[in-house]
Every structure is written in C-alpha cells, then in structure tokens.
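A quick write-up on the structure given underneath.
The values are calculated or read from the model by the stated rules, or taken from the named source; none is laboratory data. Please read all numbers here as calculations on a predicted model, not as lab measurements. So basically every Cβ, Gly included, is an ideal-geometry build from the backbone, and we count neighbours across all protein chains shown.
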Amino acid sequence: MKINKLALICCLLICSQSLFAQLRAKEGRGYFNITNIAEPQYLQSLDSTNLTYASGYVKKFGYSLSTINGVFLNSYLSVGLGVGLQFTSYKASQTSFTPDSTFAEGYFSDNHNMTLLPIFADFRYYPNGTRNNLMFILDVGYAPLLKIANDFDRVNLNGGALVKLGAAYRVPLNETISFLPSLNLNAQRFGENTSLGANVGIGFMF
C-alpha cells in the first residue's frame, strides 16, 4: 500500500510539472528540454585536407539529432547543455603522391562515412520575451570523432570545434509540448578541415 501511495504521489508530481512546463516557458522561468529528432544538414569544405597519400573533403548531405537541457535565466535569455549524434561523409581524391598499391579498389569513388558526438553550450535569445514564440540560437562546442570508415584517415579528420547560428519558432501543440522548427548556419572543423553549411531542425520543446 505504501508503495502504491508513493507511486501515485510521484505520478502526480510528474504530471503537474509537465502541465505547467509551457506556462514556465512563456514566463521565462524553470527548466526545459529540447529534443531535435532530425537535423538534415549540408556541409562543404572550404579547402581539402591532406590525408595519407591522398586529399579529402566534406561535400555532402548528412543528418544529426540532439537533446538539450536548459534553464531560463530571465524572460529574454536561456542557457543549456546539448549532446547529439552527427552522421556525415567525406570524399577522397588522388594526388601526385598517391602510390597505386596503397588504397583498396573503390576507395576514391566511394563516400566514406563518419559519426561524431557533438557536445555544445546552447544559448537562446528571445527578442520580445518568452511570451513571444521567436528565438535566436547560438551553439558553441566540440564534436569528437566516434567512428570513421577508414581508420587510417582518422588522424587527419578527427573531431573539431563547431558553431551554429540560427533561429527557431515555437508552435504549441498542447499544454506540455511545442513543435520547434529551426533554420541554422553551421561552421565545423574536422581535424584541419573547415566546413560551412546549413541545417533544418525538426524538434520539440518540453
């Protein structure tokens, strides 16, 4: 019986917190979560990267997902910490230093996949206060490389710093959940490779 009462009390507390989540968001106070279930993105290298006896560059559509836990500092500013997964790829091309026997057949014609783990600080500015649904986004962080198709390219295309600048608009779905589409510009380092691009965020705010 005591366990049932405890479970009921916990359930009521969770429901009450969820019920007033959007009210706190409008008033610019309390904690929140943003989960981006998909962020289709395009990245393109500014210049090629020197691989081992080859040249590599990022010029590809990819996607990522992320979750952010944050807090409102006031009705105009919030800060949070985000973590995600990013999937992208790179191409390699031959150079005058490429020996014929070094690479497997198809290496230069295939796209080579990479998986990264972006970890970033999330800053959001609400120009007309949180009662208005528009917000501007600045994310700054680092994305270490988790997995790469060819381990011998890892040393030249390892993780690097990232910056994202964008805007989002909150569309309330009910008292507890809002749809949160966003449009962002990205800059990211893959080792010594600098890439620029853009993405569309498809997320929800709780």
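On inspection, Leu180 fails the criterion of being surrounded by 15 or more Cβ atoms within 10 Å (Cβ to Cβ), more than 12 Å from Ile137 (Cβ to Cβ) and at pLDDT 95 or above.
Is it fair to say Gln44 is at pLDDT below 90 and either on the phi < 0 side of the Ramachandran plot or part of a loop (DSSP other than H, G, I, E, B) (or both)? Working first, answer last.
Numbers: at pLDDT below 90: no; either on the phi < 0 side of the Ramachandran plot or part of a loop (DSSP other than H, G, I, E, B) (or both): yes.
Against the criterion (at pLDDT below 90 and either on the phi < 0 side of the Ramachandran plot or part of a loop (DSSP other than H, G, I, E, B) (or both)), Gln44 does not qualify.
Filter the stretch 185-202 down to residues that are touching an Asp or Glu at 6+ places or on another chain (Cβ under 8 Å) and surrounded by 18 or more Cβ atoms within 10 Å (Cβ to Cβ) and give me whichever is nearest to Tyr31 (Cα to Cα). This residue is Gly201. Being over 30 Å from Gly129 (Cβ atoms), among the charged types (D, E, K, R) and at pLDDT below 80 is not true of Lys26.
Picking from residues in the stretch 153-165 that are at pLDDT below 95 and of a type outside the set (S, T, N, Q), the one that is farthest from Arg124 (Cα to Cα) is Asp153.
Can you say whether Arg189 is basic (Lys, Arg), at pLDDT below 95 and under 22 Å from Val79 (Cβ atoms), as far as the supplied structure shows?
Numbers: basic (Lys, Arg): yes; at pLDDT below 95: yes; under 22 Å from Val79 (Cβ atoms): no.
No; evaluated as a whole, the condition is false for this residue.
Candidates are the residues of the stretch 117-152 that are modelled with pLDDT under 85 and within 30 Å of Ser93 (Cα to Cα); the one that is surrounded by the fewest Cβ atoms within 10 Å (Cβ to Cβ) is Asp151.
Is there a residue in the stretch 52-59 that is modelled with pLDDT of 70 or more, of a type outside the set (Gly, Ala, Ser), outside any strand (DSSP E or B) and under 28 Å from Leu185 (Cβ atoms)? Yes. Regarding the stretch 90-98, can at least one residue be identified that is of a type outside the set (Lys, Arg), closer than 19 Å to Phe206 by Cα and in a strand (DSSP E or B)? No; the residues of the stretch 90-98 include none that is of a type outside the set (Lys, Arg), closer than 19 Å to Phe206 by Cα and in a strand (DSSP E or B). For the stretch 71-106, a residue qualifies if it is surrounded by fewer than 16 Cβ atoms within 10 Å (Cβ to Cβ) and modelled with pLDDT under 85, and the qualifying residues are Ser93, Gln94, Thr95, Ser96, Phe97, Pro99, Asp100, Ser101, Thr102, Ala104, Glu105, Gly106. Only one of the listed residues (Leu185, Leu146, Leu180, Leu162) is without any contact (Cβ under 8 Å) to a residue 24 or more places away in the chain, assigned to a strand (DSSP E or B) and among the hydrophobic types (A, V, I, L, M, F, W, C). That residue is Leu185.
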